[in-house]
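The values are calculated or read from the model by the stated rules, or taken from the named source; none is laboratory data. Keep in mind the model is a prediction, meaning the values are calculated, not measured. In this analysis, Cβ positions are derived from the backbone assuming ideal geometry, glycine residues included, and neighbour counts consider all displayed protein chains.
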Amino acid sequence: MRKKLSFCGALVTILFLVLSIHGCISIDIGGFGDAVAIVEVKGAIVDADDVTMQLESALKTDSVKAVVLRVDSPGGAVGASQEIFRKVREVDKSKPVVASMGDVAASGGYYVSAGARYIFANEGTITGSIGVRMEHLDVSGLLDLVRLRHETLKSGEYKDIGSITRAMTDKERALISEILSELHEQFKADIASSRKLSPDYISSIADGRIFTGKTAKELHLIDEIGGISDAIKKAASLAGIKGEPRIIRMKKHLPWWLEAILTNADLIGSRFDAAFKYFFYK
């Protein structure tokens, strides 16, 4: 007996399994009831879109009553870290956000964590590193060695600032140092405000040093020693959830091509069905 195969259903099922494995769709654990959403910040912070979209989704989901921000990041771009920090603060006004630090939550990783209402870290978590930096590589000596010359035409004195083909001038170095100082002040001000600590106190420890979670607690940079399960319990408690909360791992932003496949799954499936019938059922 010939059986009709639904490529549409098979395609969606395969995509569901693949995306589930890679954390690209929301996964509910624990049935029905009030939920705690888990939003992950992993790796270098170079873009805020995925995390802010997950936070926004958690904010708009009625069953989600609290959020755990799971951070395992050495830091990254200042602007992206600030954007996530502000979004965390925004969500926390409506639903409590608890940060849970993994192995590392330093620099930008600490920045985004500091937006939460309550922060957990393990005793051995590496955190802190409150500061900013910029690196400059000068390969002009190498170019001289191989007898290569590089020339830049520019519209302004500072247009090629940071070029790797020449040494930085004193004026350029002063300008970049001024910018780094301004960014550092923004970082310290946000930490002081969110953690309710004096600016002078934050300045005394915001010299780029890293701390263990144990030391960070002594310095009031975090609130408690504990893992993600402790953070979930705390988030549920702050939200007034009775009993065991349902856990939702928020979805990541899908690549455009996956969104296109899922959006057009019926059309793609029907085309596969038609092709299959043409070759095997005729």
Those residues of segment 104-121 which are surrounded by fewer than 24 Cβ atoms within 10 Å (Cβ to Cβ) and in a helix (DSSP H, G or I), in sequence order: none
Output for segment 70-82, where each listed residue is farther than 19 Å from I119 by Cβ and in a helix (DSSP H, G or I): V78, G79, A80
The one condition in (1) touching a strand residue (DSSP E or B) at 6+ places or on another chain (Cβ under 9 Å); (2) in a loop (DSSP other than H, G, I, E, B); (3) surrounded by 17 or more Cβ atoms within 10 Å (Cβ to Cβ) that G124 fails to fulfil: (3)
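Is it the case that K214 is of a type in the set (D, E, K, R) and in contact with a Pro (Cβ under 8 Å, 6 or more places away or on another chain)?
Considered against the rule, which asks whether it is of a type in the set (D, E, K, R) and in contact with a Pro (Cβ under 8 Å, 6 or more places away or on another chain), K214 comes out as no.
Residue-by-condition table, conditions (1) surrounded by fewer than 24 Cβ atoms within 10 Å (Cβ to Cβ); (2) touching a Gly at 6+ places or on another chain (Cβ under 7 Å); (3) without any contact (Cβ under 8 Å) to a residue 40 or more places away in the chain:
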| position | (1), (2), (3) |
| --- | --- |
| V36 | no, no, no |
| K60 | yes, no, yes |
| A66 | no, no, no |
| S81 | no, yes, yes |
| S94 | yes, no, yes |
Residue count for segment 240-263, restricted to those that are modelled with pLDDT of 65 or more and either exposed (fewer than 11 other Cβ atoms within 10 Å of the Cβ) or assigned to a helix (DSSP H, G or I) (or both): 3
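Each row is one residue, and each column tells you yes or no for (1) assigned by TED's automatic domain parsing to the domain that holds S113; (2) touching a residue at least 12 places away in the same chain (Cβ under 8 Å); (3) surrounded by 11 or more Cβ atoms within 10 Å (Cβ to Cβ); (4) touching a helix residue (DSSP H, G or I) at 6+ places or on another chain (Cβ under 8 Å).
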| position | (1), (2), (3), (4) |
| --- | --- |
| K159 | no, no, no, no |
| T165 | no, yes, yes, yes |
| T169 | no, no, yes, no |
| R173 | no, no, yes, no |
| E178 | no, no, no, no |
| I191 | no, yes, yes, yes |
Test: residue in segment 137-152 that is part of a loop (DSSP other than H, G, I, E, B) and small (G, A, S): no
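Output the residues belonging to segment 43-69 that are assigned to a strand (DSSP E or B) and either at pLDDT below 95 or in contact with a Lys or Arg (Cβ under 8 Å, 6 or more places away or on another chain) (or both). Outline the logic, then answer.
Step one: filter segment 43-69 for residues assigned to a strand (DSSP E or B), giving 45, 64-69.
Those that are assigned to a strand (DSSP E or B) and either at pLDDT below 95 or in contact with a Lys or Arg (Cβ under 8 Å, 6 or more places away or on another chain) (or both): V64, K65, A66, V67.
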